[in-house]
Ligand code: ADP
């Protein structure tokens, strides 16, 4: 997540002298973290000190009993010994005792943003909004009792039920052939007719070839048949990415629990906080402005005049009907919407836009474009097709054409955040947010010369939701184009916040969306597969959810920046207690 901090924009409350966080306040901080010397050294010193003074005090005690001297009469060396005893005792308790007590008494906080007055805030906020929001959002975080008919099946048991691939002697022979190069690794699936076995053999052959272990990269637990010819070639396993949940996001009157696949600490918690602020303010509204996937082939002619002839032909409304009939033959769902042309000398770039139902639509639009190119060849035999994609589309590259014209789904999403929610949940003020947005997301981005990057971290949320829901993560480039606007409303008591995202490229059928885990995440959002009622409704809803989640993410990060909380929370949640140097050995 972005790590910029603008101290000049801190609200008044944030300018109060910061309290040093004591160990008692921060349950994740261990007392031993404060020691300036290596642990083994301080441990040795205090152990020695402790036992020496105990020995000394016991000896002098025995001596006093022997000489009938009262025990409370102590000399200076005994005073020093008693002080040393307490010091070493406190050290040893702190080191060995308090950490243990802390681990029993304290639990990590469920909400990264919670603070001393959070509970009070939530009471206040919930009084305003009589509706009780779910766990992670409001006061009641207790788990509901499990229904009697729902026995808990342990993950271990589920795993055991799956056959673990065991390599046979026959497999051993194939592995040797792959290592020797007599069987190509890519042909294993077709040769064996068993995708999982093929993956296991390829993996073993790879380990032998490279001499590197793949322990840690799971093989079991993925349906290898489901990725064949669709998602990934030559698989050897899969990478695990944790999925967190942000929400509920109250959007257009519906609640969505937004799955986010990420390894960036704070991101889900932060988005969750944004969802909470939106929810407590009555929800967000998202409007789909456009829905059309694009593909732009490049063709070359002998002269610029001929290229211009084709441009005029394609853009003439009289020809549109014929072209759309030809284009639409490719699919039940692909419907040509328009063609926009650009000329560079004698080269022509034709940007076809079409609706694609619930599919993200790259394949669909490409097929339609191919139909039209074949058709045009009759009237323009001198047209030389150089490539079905001439980068005027523009796919997976930052491009002004997407920013201005849109690609996929163009969405605007807005909310009015109540002033007290800004104060109590986001811990900042409307004024600070508006000022920071102007200086960072608008002016700062202009100074940097960004393309579609007038936001704080839209790509963080887009990428996490894309990975969780089986979208093409590389399309994060243009899908994250976003301008975030903030304005004070209602006499400065409320904050109008909006995100405008012209090129969100999502689908709920095709590609990675049909894989089990991604499909489960789509199901959670209620947008799994093709919409039965209105083709395209699921993917359009998904696009509005992406924009809504970005709105939440923008609100929360901007607030953290305005209140100067960012570094603190990152230090707390991105830095585990694990010794990374040991873990990597
Ligand atoms: P993409 O075009 O996003 O690359 P694919 O071409 O792989 O996706 O997947 C789209 C496929 O799904 C097409 O074959 C299409 O006919 C089928 N399909 C089924 N239902 C729908 C729907 N509601 N919207 C779009 N495509 C659908």
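The values are calculated or read from the model by the stated rules, or taken from the named source; none is laboratory data. Everything numeric here is computed off the predicted structure, so don't read it as measured data. Using ideal geometry, Cβ is built from the backbone for each residue, glycine included, and neighbour counts are taken over all protein chains shown.
One table, with the values for the structure above:
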item: The one condition in (1) farther than 25 Å from residue 534 by Cβ; (2) within 38 Å of the chain's Cα centre (by Cα) that residue 330 fails to fulfil; result: (1)
item: All positions within the range 349-358 that are more than 11 Å from residue 331 (Cα to Cα) and either near the ligand (Cβ under 8 Å from one of its atoms) or in a loop (DSSP other than H, G, I, E, B) (or both); result: 358
item: Sole residue being over 24 Å from residue 516 (Cβ atoms), modelled with pLDDT of 95 or more and touching a helix residue (DSSP H, G or I) at 6+ places or on another chain (Cβ under 8 Å), chosen from 241, 175; result: 175
item: Single unsatisfied condition, residue 399 versus (1) crowded, with 20+ Cβ neighbours inside 10 Å; (2) more than 26 Å from the chain's Cα centre (by Cα); (3) away from the ligand (no atom under 16 Å from the Cβ); result: (2)
item: First in the range 359-373 and within 17 Å of residue 394 (Cβ to Cβ) and at pLDDT below 95, second anywhere and assigned to a helix (DSSP H, G or I) and more than 6 Å from the ligand (Cβ to nearest atom), Cβ under 7 Å, 6 or more apart; result: none
item: Filtered residues of the range 434-459 (kept if in contact with a helix residue (DSSP H, G or I) (Cβ under 8 Å, 6 or more places away or on another chain) and farther than 21 Å from residue 270 by Cβ); result: 451, 452
item: Counted residues, the range 518-531 - those being away from the ligand (no atom under 12 Å from the Cβ) and touching a helix residue (DSSP H, G or I) at 6+ places or on another chain (Cβ under 8 Å); result: 6
item: Meets criteria (surrounded by fewer than 22 Cβ atoms within 10 Å (Cβ to Cβ) and either at pLDDT 95 or above or closer than 29 Å to residue 417 by Cβ (or both)) for residue 543; result: no
item: Filter result (free of Cβ contacts under 8 Å to residues at least 60 places away in the same chain and surrounded by fewer than 21 Cβ atoms within 10 Å (Cβ to Cβ)) within the range 477-516; result: 483, 485, 487, 488, 491
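Yes or no, residue by residue, for (1) more than 17 Å from the chain's Cα centre (by Cα); (2) under 22 Å from residue 164 (Cβ atoms); (3) surrounded by fewer than 19 Cβ atoms within 10 Å (Cβ to Cβ):
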residue: 179; (1), (2), (3): yes, no, yes
residue: 217; (1), (2), (3): yes, yes, yes
residue: 222; (1), (2), (3): yes, yes, no
residue: 228; (1), (2), (3): yes, yes, yes
residue: 246; (1), (2), (3): no, no, no
residue: 252; (1), (2), (3): yes, no, yes
residue: 255; (1), (2), (3): yes, no, yes
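Residue-wise test of (1) in contact with a helix residue (DSSP H, G or I) (Cβ under 7 Å, 6 or more places away or on another chain); (2) in a strand (DSSP E or B); (3) within 24 Å of residue 288 (Cβ to Cβ); (4) away from the ligand (no atom under 16 Å from the Cβ).
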{"position": "369", "(1), (2), (3), (4)": "no, no, yes, no"}
{"position": "375", "(1), (2), (3), (4)": "yes, no, no, yes"}
{"position": "386", "(1), (2), (3), (4)": "no, yes, no, yes"}
{"position": "390", "(1), (2), (3), (4)": "no, no, no, yes"}
{"position": "404", "(1), (2), (3), (4)": "no, no, yes, yes"}
{"position": "411", "(1), (2), (3), (4)": "yes, yes, yes, yes"}
{"position": "414", "(1), (2), (3), (4)": "no, yes, yes, yes"}
{"position": "432", "(1), (2), (3), (4)": "yes, no, no, yes"}
